[in-house]
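S.K.: The structure follows.
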Amino acid sequence: MLALPVLTEKVIPLARIVPGPNPRRYFSTEALEDLTNSIRSRGILQRIIVRPMASSDEFEIVAGERRYRAAVAAWGPDHEIVVNVGDYTDEQALLVSIEENEQRENPSETEQADGALRLLEMLNGDRGETARRLGWPRSKFDRRIALTKLLPTVKTALDERRIMLGHAELLAAVAPDKQEKALASIVDNDLSVARTRELLARLTHSLADAKFDRTECQTCPFNSASQRALFATCVDDGLCTNPTCYETKVQQFNMLEEARLKEEAERKKTAEPKPTPQKTPAPAAPRTVAPAAADTVSAPAKPSAEAAPSEIAPAHSAPDTTPVADESSSEPDAAPAGSEPVDADHLAKFREQIIRKSRETRENTWRKATSQSVMTSDDVEMANSVILLAAFQGDLQEIRDGVLSSRAAKFVGEGFDEAGRPDRLVMISKLDEPARKRALKAIATAYAQKTTRFENVATIAGFYGTDLCDHWSVTAEFLKGYTKTEIRFIAIELGVAEHVGPKVFAKMCGGKVSEFIEALLNIPGFDWARRVPSAMSLTGTASLPSAA
């Protein structure tokens, strides 16, 4: 049972009331007109619930946005009404709003989905706890969350009932870049759910026939098996509904297979035994024949019937001296060493694993660098903009309790912790400009550190122009997180092979991982400063080195 705050009555003008965390996007015009006429003649039969806003003298709606809209239409913004006021937390306000929507005029499924997603983010991604607080079966919760993958235009179409839930469930399994076109076809041609399902099935690929590694496909939202587990409406089981991704994986598999066959052929060629050279017998001395006449000359010597094998056998290439990775290494087939051209197709095999291994380090490093950018910046308006962004996105609650309150006295003054709310507000209002700037920067910094979504960090980093080179550089500890082959690719990307030359680089690659790392970080004349692997970039997209 959700614990709610005690409510008090208050008379306020409609102009001081603002919409709150209501997940509802669509309000039926006809139904709203009926409610407006009812309120004009009989008044508001059930009071609107609001909560005070800390930043102004306005009140935010917790429950009753439709009644508020109808009241403004019926009486105008200056009319005063009686409301129930409660000190709701963000989580309580969102839960009450979702519950009221379900008990009154049924919201669309995508509105429920968006509300559930917001609560899920508040609860740090705990799906079980989120479903429990919503009072939903886990199956319903998972179905609604799956609908959050729909484009806004598709959500609006379902809100306005221009498409049915079955259409939306089918489109949830379609890649975002294809949803817009599919929606237009459904609406323009008035396609039924069954006909839509039939047409979408033609765009799929059978995963059973795929030769590439299908491990990622098992949990992919574009695997029709995932959709079948969620929705009653879906295409047949075992199909990929994202043709672009499928074809990309096929191309990558073909390139890797071609590279593998090429390497295998090279290894076989290198492993062929070389013929043992034989001694060349001394040629027989030509016999001297007495001349029959004075003008007769001796015939030239004929070559021996047993010519040396080295004179008739085709020449063989010199043995391959390319270093081979440690046999104890568990890494995949190594790419060519630095003494050979680097095959970009072959490097594609390692791209995803480099990105995956770098993700946690990349996000933590950028989070720290961005926080430092905010704190050290002299532009307090930028910090203010970050705080406003967090407030408008509903993300300020991600600054956990205690992060700022434990240091509030430092920014505001002694006695702040013991003061009541009214006194605290007075103390804050009397802060001088330097203290206000420090406080605003502290709030923005805390948000950059604590926001759960990395895209928020990336947005702030871009806003401040954060340069990772000012806060981080390649170290031995960083490189130890990768296999030798992955380290080799990083070194090639950052210009090591080009600096030392292919022969020296090949020799560096031949040792143990620890020796390779030590050699990389102690190259004479090579400056590691301002060299950041693309896997550590803000977007985290590992690039492939060009041919060395």
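Values in this text are rule-based calculations from the coordinates and carry no lab data. Remember, it's a predicted structure, so these values are computed and weren't measured experimentally. With ideal geometry, Cβ positions are generated from the backbone for all residues, glycine too; neighbour counts draw on all protein chains shown.
S.K.: In region 20-79, what GluC sites (Glu not before Pro) fall in a loop by DSSP, with at most 14 other Cβ atoms inside 10 Å?
M.R.: 58
S.K.: Let me ask something else. Taking a 21 Å limit on the Cα-Cα distance, which of the listed pairs 368/484; 484/507; 178/357 fall beyond it?
M.R.: Working: 368/484 28 Å; 484/507 13 Å; 178/357 30 Å.
Checking Cα-Cα distances, 368/484; 178/357 exceed 21 Å.
S.K.: Multiply the residue separation of residue 247 and residue 10 by 0.36 nm, subtract the distance between their alpha-carbon atoms, and state the gained length in nm to one decimal.
M.R.: Length gained between residue 247 and residue 10: 79.1 nm.
S.K.: Then there is this: Using 0.36 nm per residue of separation minus the Cα-Cα distance, give me the extension gain between residue 528 and residue 541 in nm, one decimal.
M.R.: Details: separation 13, 0.36 × 13 = 4.68 nm, distance 2.03 nm.
That pair, residue 528 and residue 541, stretches by 2.6 nm at full extension.
S.K.: Moving on. Mark the label point 7 Å from the Cα of residue 407 along Cα→Cβ and return the residues of region 362-382 whose backbone N is within less than 17 Å of it.
M.R.: Label zone hits: 367-380.
S.K.: Another question about this same structure. Starting from the 7 Å offset along Cα-to-Cβ, what nm value, one decimal, do you get for the label separation of residue 421 and residue 269?
M.R.: Label-label distance for residue 421 and residue 269, simple model: 7.9 nm.
S.K.: Which whole-Hz ³J(HN,Hα) couplings does region 438-444 yield from phi under the Karplus relation 6.51 cos²θ - 1.76 cosθ + 1.60, θ = phi - 60°, glycine and proline marked x?
M.R.: 4, 5, 5, 5, 5, 5, 5
S.K.: With each pseudo-label sitting 7 Å past Cα toward Cβ, what's the residue 467-residue 58 distance in nm, one decimal?
M.R.: Modelled inter-label distance: 4.0 nm.
S.K.: Going by how many other beta carbons lie within 10 Å of each one, how would you line up 509, 245, 217, fewest first?
M.R.: Working: 509 25, 245 16, 217 20.
The order, fewest Cβ neighbours first, is 245, 217, 509.
S.K.: Same structure, new question: How high is the FRET efficiency from residue 153 to residue 432, r the C-beta distance, R0 45 Å, rounded to 0.05?
M.R.: 0.35
S.K.: Here's another thing I want to ask about it. Could you work out how much longer the chain between residue 132 and residue 199 gets when fully extended? Use 0.36 nm per residue separation minus the Cα distance between them, nm to one decimal.
M.R.: 20.4 nm
S.K.: Can you run phi through the Karplus equation (6.51, -1.76, 1.60; θ = phi - 60°) for region 353-360 and list ³J(HN,Hα) in whole Hz, with x for Gly and Pro?
M.R.: Each residue's phi maps through the Karplus curve to give 6, 5, 4, 4, 5, 8, 4, 5 Hz.
S.K.: Amide H neighbours of residue 17 under 5 Å, counting only residues 5+ apart in sequence or on other chains, H built in-plane at 1.01 Å?
M.R.: Distant-sequence amide H within range of residue 17: 59.
S.K.: Taking 7 Å along the Cα-to-C-beta vector as the label spot, tell me the residue 38-residue 384 distance in nanometres, rounded to one decimal.
M.R.: Between residue 38 and residue 384, the label points sit 4.4 nm apart.
S.K.: Looking at region 85-156, which trypsin sites (Lys or Arg not before Pro) are DSSP coil and have at most 14 other C-beta atoms within 10 Å of their C-beta?
M.R.: Loop-located and lightly packed - 104.
S.K.: Report the calculated FRET efficiency for residue 261 and residue 188 (r = Cβ-Cβ distance, R0 = 45 Å), to the nearest 0.05.
M.R.: 0.40
S.K.: What does the convex hull of the alpha-carbon atoms of region 1-107 project to on average, in nm²?
M.R.: Details: hull surface 26.7 nm².
Result: 6.7 nm².
S.K.: Efficiency by 1/(1 + (r/R0)^6): what FRET value for residue 504 and residue 452, r their Cβ-Cβ distance, R0 = 30 Å, to the nearest 0.05?
M.R.: On the way: r = 46 Å, r/R0 = 1.53.
Between residue 504 and residue 452 the formula returns 0.05.
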